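Undergrad: Sharing a structure below in structure tokens format, with a few things to ask.
The values are calculated or read from the model by the stated rules, or taken from the named source; none is laboratory data. Source: prediction; values computed, not measured. Methodologically, a virtual Cβ is constructed for each residue, glycine included, from the backbone with ideal geometry; neighbour enumeration extends over all protein chains shown. Please note that ligands, DNA and RNA were not included when accessible areas were found on the heavy atoms of the full protein model with its side chains. Shrake-Rupley method; radii C 1.70, N 1.55, O 1.52, S 1.80 Å.
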Amino acid sequence: MPLVPMKDVLDAAAPQKTAVPAFNIDNLEILQSLLMAAEAEQLPVILSVGQGAIRIGRLKPLAAAVHQMASETSVPVVLHLDHGASFEQTIQCLRAGFTSVMYDGSRLPLEENIAVTRQVVAAAHAVGVSVEAELGAIGGAEDGIGGGSGGKVSVDQVSAFLDGVGVDALAVAIGNAHGLYKEKPHLDFDLLRSIEALPKAVPHLVLHGGSGLDEEAIDTAIDCGIRKINVATEIRLAYLKGTRAATSGDIYETIASAREAVVEIARQKLRQFARKA
Ligand code: 13P
């Protein structure tokens, strides 16, 4: 089926109190594996192109491949820009056929983040594309993004941001971090509950840094209103482990082994976030 806007799959997840995984795609094999996993589970999936993939020239090739391969898939698929670096980059993605863009202005002063996000929303919504924004400093580093110790968002910040701009999804820093956690993270679920309870229209909430979170943390996050969970590191590690597991030296065996590893982890996340047994 044709690609769908991210808002559609998150709107569908909300009444069911489930979340949709957003997996980063870096190459064709990972993309193919993720679609195989979504098809096998008959669940929607968000495919994210991040700054690392863009830096190695994969924005347009991956976008074209997602369009082609998703057209042969029977489940809803979203093509999403992860951590959009500028207004210009989000426009490049609109042109390349993305159905969702994130603009990450979290390092800017709030008013500047609001101003640029408003421009992105005006352009993206004009062509039916969803928009994700980010508030607070998510810890760790991902594709050269972040790298700080992480500073949680405040309820007042979220409230002021939402008064300034209407986004479809909002990534919030609640003690989460990109990359594998060195120790068990303490996610601030009370903060998440207070954001969710704001007396205004709260967009779908997004949890970055999904790799390495245990089942209980994921479950509570979904209970508190998280509708999209980003997973990159675990997908990349599975892919690399899969390539190493093939020892024959045959390229097709290596690809098949990597693909099998990615399908397995993706199916597990899809099921877990959809709360299927
Ligand atoms: P992980 O690499 O920790 O899964 O985080 C992914 C992410 O949040 C992408 O934006």
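Undergrad: With N residues in the chain, what two-decimal value do you get for its Cα radius of gyration over 2.2 N^0.38 Å?
TA: Normalised by 2.2 N^0.38 Å, the Cα Rg of the chain equals 0.94.
Undergrad: In nanometres, what is the gap between the two model label sites at GLU253 and LEU108, each 7 Å from Cα along Cα-to-Cβ?
TA: Simple spin-label model gives 5.2 nm for this pair.
Undergrad: With every protein chain kept in the model, how would you rank TYR181, TYR103 by accessible area, 1.4 Å probe, largest at the top?
TA: Solvent-accessible surface, decreasing: TYR181, TYR103.
Undergrad: Once the Cβ-Cβ distance between ARG244 and SER86 is put in as r, and R0 is 45 Å, what FRET efficiency do you end up with, to the nearest 0.05?
TA: About 0.80, to the nearest 0.05.
Undergrad: Of all GluC sites (Glu not before Pro) in the stretch 60-131, which ones are in loop regions per DSSP and have a Cβ with at most 15 other Cβ atoms within 10 Å?
TA: Qualifying residues, ordered by number: GLU72.
Undergrad: Next question, about the same structure. So if we plug the beta-carbon distance of LYS60 and ASP219 into 1/(1 + (r/R0)^6) with R0 = 30 Å, what FRET efficiency do we get, rounded to 0.05?
TA: Details: r = 38 Å, r/R0 = 1.26.
After rounding, the FRET efficiency stands at 0.20.
Undergrad: Pull up the cross-link candidates among the lysines for LYS200, meaning alpha carbon to alpha carbon under 19 Å and not fewer than 8 places away within one chain.
TA: By straight Cα distance, LYS200 reaches LYS7.
Undergrad: Under 18 Å from a point placed 7 Å out from the Cα of GLN16 along the Cα-to-Cβ direction: which residues of the stretch 31-47 have their backbone N that close?
TA: Only 35-47 pass the distance filter.
Undergrad: Taking only Cα atoms, what is the 0 to 90° angle, nearest 10, from helix 251-273's long axis to the longest principal axis of the chain?
TA: 40 degrees
Undergrad: Could you give the spread of the C-alpha atoms of the stretch 1-115 along their three principal axes, from largest to smallest, in whole angstroms?
TA: Dimensions of the stretch 1-115 along the principal axes of its Cα atoms: 43, 36, 19 Å.
Undergrad: If Lys and Arg each add +1 and Asp and Glu each add -1, what is the summed charge of the other residues whose beta carbon sits under 13 Å from the beta carbon of VAL165?
TA: -4
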